[in-house]
1. Has region 73-80 got any residue that is of a type in the set (A, V, I, L, M, F, W, C), crowded, with 20+ Cβ neighbours inside 10 Å, touching a strand residue (DSSP E or B) at 6+ places or on another chain (Cβ under 8 Å) and more than 13 Å from residue 166 (Cβ to Cβ)?
2. Looking only at region 58-78, which residues are assigned to a loop (DSSP other than H, G, I, E, B) and within 15 Å of the chain's Cα centre (by Cα)?
3. When only residues in region 103-147 that are among the hydroxyl-bearing types (Ser, Thr, Tyr) and at pLDDT below 95 count, which is surrounded by the fewest Cβ atoms within 10 Å (Cβ to Cβ)?
4. Mind listing just one residue for me: the one in region 74-102 that is among the small types (Gly, Ala, Ser) and touching a residue at least 60 places away in the same chain (Cβ under 8 Å) and, of those, nearest to residue 154 (Cα to Cα)?
5. Tell me, which residue of region 99-158 that is of a type in the set (Asp, Glu) and over 16 Å from residue 174 (Cα atoms) is farthest from the chain's Cα centre (by Cα)?
6. Please determine, by comparing only the residues of region 165-184 that are surrounded by fewer than 23 Cβ atoms within 10 Å (Cβ to Cβ) and touching a Leu at 6+ places or on another chain (Cβ under 8 Å), which one is nearest to residue 94 (Cα to Cα).
Amino acid sequence: MALFKRNWNDRRAIVATVGVVTLLVFGLTATLSAHADELPKESVLPLGAANKAIQAALEACKKDGYRVSVSVVDRAGMLRAMGRADGAGPHTVDSSRKKAYTAASVRRPTTELADLITKVPTLQALRDINDNILMLGGGLPIEIGGDVVGGIGVGGAPGAHLDDACAQDGLDAIGAAPKVPAPK
């Protein structure tokens, strides 16, 4: 009889422990689920779209006889994709990436920023925020559906306005909001 009581007590202890563990697991799951609802949702630029924008920008510049590099970064400024035309100078790789980074980070075309620091000398320090900032035309933010999801940068055409035009062709190819006024 004592043996039966001992086993019964052991079984009750096991059932009670399993019950407590089950409640803890369900409680933890509910807590995690509630916090998951609070996590920010961000739009992401797909790699295919980044490559499509690069190809369109490269082709636009090639058509006009410019050998350039084109970079696309994500919203955090991390390189998503990059292309360098045959014959483009080695410096165009860094300039295109930095222009894309600057446009994504500041969420404005780099030509506007370059003009702004020329007109308002107290803003010259913007150039020195970090080593990736480049205040030179040719970088455009990539805005899709009202969200800035990255930036595109073109380097190597003989003029910032020409880099801007090629970058805009890249935006047009993926349906992003225009950032450069259409030529009149």
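1. The initial filter retains those residues of region 73-80 that are of a type in the set (A, V, I, L, M, F, W, C), namely 73, 76, 78-79.
Subset that is crowded, with 20+ Cβ neighbours inside 10 Å: 73.
The next check asks that each one be touching a strand residue (DSSP E or B) at 6+ places or on another chain (Cβ under 8 Å); those that pass are 73.
Subset that is more than 13 Å from residue 166 (Cβ to Cβ): 73.
Yes, there is a match, as at least one residue in region 73-80 is of a type in the set (A, V, I, L, M, F, W, C), crowded, with 20+ Cβ neighbours inside 10 Å, touching a strand residue (DSSP E or B) at 6+ places or on another chain (Cβ under 8 Å) and more than 13 Å from residue 166 (Cβ to Cβ).
2. Start the filter on region 58-78 by keeping residues that are assigned to a loop (DSSP other than H, G, I, E, B), which leaves 64-68, 75-78.
Those that are assigned to a loop (DSSP other than H, G, I, E, B) and within 15 Å of the chain's Cα centre (by Cα): 75, 76, 77, 78.
3. Step one: list which residues in region 103-147 are among the hydroxyl-bearing types (Ser, Thr, Tyr), which gives 105, 110-111, 118, 122.
Filter again for at pLDDT below 95, leaving 118, 122.
Values: 118: 11, 122: 7.
Within region 103-147, the match that is surrounded by the fewest Cβ atoms within 10 Å (Cβ to Cβ) is 122.
4. Residues of region 74-102 among the small types (Gly, Ala, Ser): 76-77, 81, 83, 85, 87-89, 95-96, 100.
Narrowing the set further to residues that are touching a residue at least 60 places away in the same chain (Cβ under 8 Å) leaves 77, 85, 88-89, 95-96.
Values: 77: 15, 85: 11, 88: 11, 89: 12, 95: 8, 96: 5 Å.
Only one residue fits best here, namely 96.
5. Kept after step one, since they are of a type in the set (Asp, Glu), are these residues of region 99-158: 112, 115, 128, 131, 143, 147.
From what's left, over 16 Å from residue 174 (Cα atoms): 112, 115, 128, 131.
Details: 112: 20, 115: 24, 128: 21, 131: 18 Å.
Per the criteria, the residue is 115.
6. If we take residues in region 165-184 being surrounded by fewer than 23 Cβ atoms within 10 Å (Cβ to Cβ) and touching a Leu at 6+ places or on another chain (Cβ under 8 Å), then 171 is nearest to residue 94 (Cα to Cα).
Yes or no, residue by residue, for (1) assigned by TED's automatic domain parsing to the domain that holds residue 149; (2) of a type in the set (S, T, N, Q); (3) out of contact with any Pro (no Cβ under 8 Å at 6 or more places or on another chain); (4) at pLDDT 95 or above:
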| position | (1), (2), (3), (4) |
| --- | --- |
| 18 | no, no, yes, no |
| 24 | no, no, yes, no |
| 57 | yes, no, yes, yes |
| 67 | yes, no, yes, yes |
| 71 | yes, yes, yes, yes |
| 83 | yes, no, yes, yes |
| 98 | yes, no, yes, yes |
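The values are calculated or read from the model by the stated rules, or taken from the named source; none is laboratory data. Quick caveat, the model's predicted, so the values are computed rather than measured. We place every Cβ from the backbone using ideal geometry, glycine too, and count neighbours over all the protein chains shown.
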